[in-house]
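Let me begin by presenting the structure, written as structure tokens, before commenting on it.
Only the coordinates and a few stated rules stand behind these numbers; no lab work does. Being a predicted model, the structure only gives us computed values, none of them experimental. All Cβ positions, glycine included, derive from the backbone under ideal geometry; neighbour counts span all protein chains shown.
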Amino acid sequence: MELKITNSFVQDYLEYAKETESPEIFHMWSGLSAISACLGQHVYTDFGLGPIHPNMYVVLVGPPGVRKSTAINWAKKRLKAAVNLEFAPTDTAGQRQGLMSAFLKENPKEDSKVDESIVKAFSDINLFNQEETFLDMIGEVEDTRIRVEDKETLYGMFNEFDSMIGQKQREMLTFLINLWDMERYVYRLAKTSTVLEQPMFSFLAATTPSSISESLPPGSGSSGFLSRLIFVFSEATKKKIADPQPPEQELCDLIEEHFSSIARNCRGCIKRTDKAKALLEEIYLESKSSIEDPRFIYYVQRRYTHLIKLCLLLAVARKSSVITPLDVEEGLILLEATEKEMHKALGQFGTTPIGLAQQEVLDMLDQGGHTTLKSGLFSRMTSRFKIFEIEQAISNLITLGRIKTKGQDGPNLLIMTSTHVKEELIQEQLIQQEQQRSVVNLDTRIMTAQ
């Protein structure tokens, strides 16, 4: 899959990782996820009643041997060399205690200790590309990596997704929902309670479709957890490298400098140009997504937030404090390419009669000229589906924007594909224009006769 992304960081990162067999889209998301780690809670964009931060849950998915872990490890090596992050434990076995301990820094690393006055000075920087860098301010220190010093901020890189979420652990998924939303979380035990006031968690993980089916509990889609994940699926590439070589040092230095510079200088609100705002609004109002899979119905509703986070990362990746229309366009290109294959990530997980009924409705509309009466659907489908399943399938497809209805609910309710609705509106507009022209011509003839 070749994506035309002109973002300078993305291009540099792909050049750095070109001598691997990992799909390019894995490297793109790995690089951008690493950018989000560099930002922590210091960067956001205004949105309605509250800010949107760049934290993301990215999961690389594919059959064994697609080099998912390779993509993660190439990002991890440069990130660890450039930025002194607080990393989540690599294996929590699906227990909240592991992440809680990391958030609370109960086992701090020796190299993570920073003088509080230095942290205060660092947090006061509020602009990009300051002439006076963080390192200039603190003088000589033993650890030259830039420290992303955030209270209650954590970043995870997991070569095995289920080593973090565990097996069928509903409580863990609820916890992860809270962390993505950055909401206050109270963890209670018999005699004590621990509070995270504003936790922030981002991660980059890898897994296979079969592992997802084994790890996620039934009903986790309706809990909202899946809607917060970006599943990046790919098959193996045709690229074969028998004797892989390490990247050139110059490229390693370039990526490390990029990470450290962003961690050092990026602070505050990322604005949107008026044209970028207009383009985002246009995308939102269209509510268009290539995902038809009912298992992603809640993802579609959260898709706009994912897009804004991605635009923010692309803007920061080129060291800008402003989201431009190009950031929006390229963010949409990457998101749509990802969504095109997203349904493959879940394998057989969550396949339900309602999902099958949705596909049946769409197939019937395609075969029947894109329109049908509700009574026609029911007469053909009730032998295989229950009535409530058909009703829910119709409701889900309306929510997804795949179909529209016309008239009163009942046997004569007209059901149409969205494509047909657009064609019908165009026809109505043409008829109205023709009628208006006829009225003008008639008025002209009357005036001439007078």
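Each residue in ILE230, ILE5, ILE72 was given a count of other beta-carbon atoms within 10 angstrom of its own, and listing them fewest first yields ILE5, ILE230, ILE72.
Protection proxy ranking for 238-244, 40-46, using the average of other Cβ atoms within 10 Å per residue and placing the highest first: 40-46, 238-244.
Proximity of backbone amide H atoms, modeled 1.01 Å from N, is registered between ILE323 and LYS271, ARG272, THR273 at under 5 Å, excluding neighbours fewer than 5 places apart on the same chain. Evaluated at q = 0.06, 0.10, 0.13 Å⁻¹, the base-10 log of the normalised Debye intensity for the stretch 8-345, with identical point scatterers placed on the Cα atoms, takes the values -0.20, -0.58, -1.03.
Applied to the stretch 327-338, the Karplus parametrisation 6.51 cos²θ - 1.76 cosθ + 1.60 on θ = phi - 60° returns per-residue 3J(HN,Hα) values of 4, 5, 4, 6, x, 5, 4, 5, 5, 5, 5, 5 Hz, with x for Gly and Pro.
Exposure proxy for PHE9, PHE378, PHE388, PHE203: other Cβ atoms within 10 Å of each Cβ, ordered fewest to most, give PHE388, PHE378, PHE9, PHE203. Listed by chain and number, the lysines whose C-alpha is less than 21 Å from the C-alpha of LYS68, apart from same-chain residues fewer than 8 away, are LYS18, LYS76, LYS77, LYS80, LYS238, LYS239, LYS240, LYS340, LYS344. Packing order of peptides 209-218, 188-197, highest average first: 209-218, 188-197 (average count of other Cβ atoms within 10 Å over each peptide's residues). In order along the stretch 305-315, the Karplus-derived 3J(HN,Hα) couplings, from 6.51 cos²θ - 1.76 cosθ + 1.60 at θ = phi - 60°, round to 5, 4, 5, 5, 4, 5, 4, 4, 5, 5, 5 Hz, and Gly and Pro are given as x.
Exposure proxy shown here: for PHE385, PHE161, the number of other Cβ atoms within 10 Å sets the order, fewest to most, as PHE385, PHE161.
By the Stokes-Einstein formula, at 1.002 mPa s and 20 °C, the stretch 154-238 with its Kirkwood radius over alpha-carbon pairs has D equal to 150 µm²/s.
For every other residue with a beta carbon closer than 13 angstrom to the beta carbon of SER69, add +1 if it is Lys or Arg and -1 if Asp or Glu, then tell me the sum.
Once positives and negatives cancel, what remains is +2.
Backbone phi angles across the stretch 49-64, fed through the Karplus curve with coefficients 6.51, -1.76 and 1.60 (θ = phi - 60°), yield HN-Hα couplings of 7, x, x, 9, 9, x, 5, 9, 9, 10, 10, 7, 10, x, x, x Hz in residue order; Gly and Pro are listed as x.
Given 10 °C and 1.306 mPa s, how large is the Stokes-Einstein diffusion coefficient of the stretch 249-300 in µm²/s, with Rh as the Kirkwood radius over Cα pairs?
For the chosen part, D equals 106 µm²/s.
Among residues other than ASP46 whose Cβ falls under 9 Å from its Cβ, what is the net charge (Lys/Arg +1, Asp/Glu -1)?
+2
For GLY156, the residues whose amide H sits under 5 Å from its own are ALA88, SER202, PHE203, LEU204, ignoring neighbours fewer than 5 places away on the same chain, with H placed 1.01 Å from N. Over all other residues within a Cβ to Cβ distance under 15 Å of ASN412, the charged ones net out to +1, with Lys and Arg as +1 and Asp and Glu as -1.
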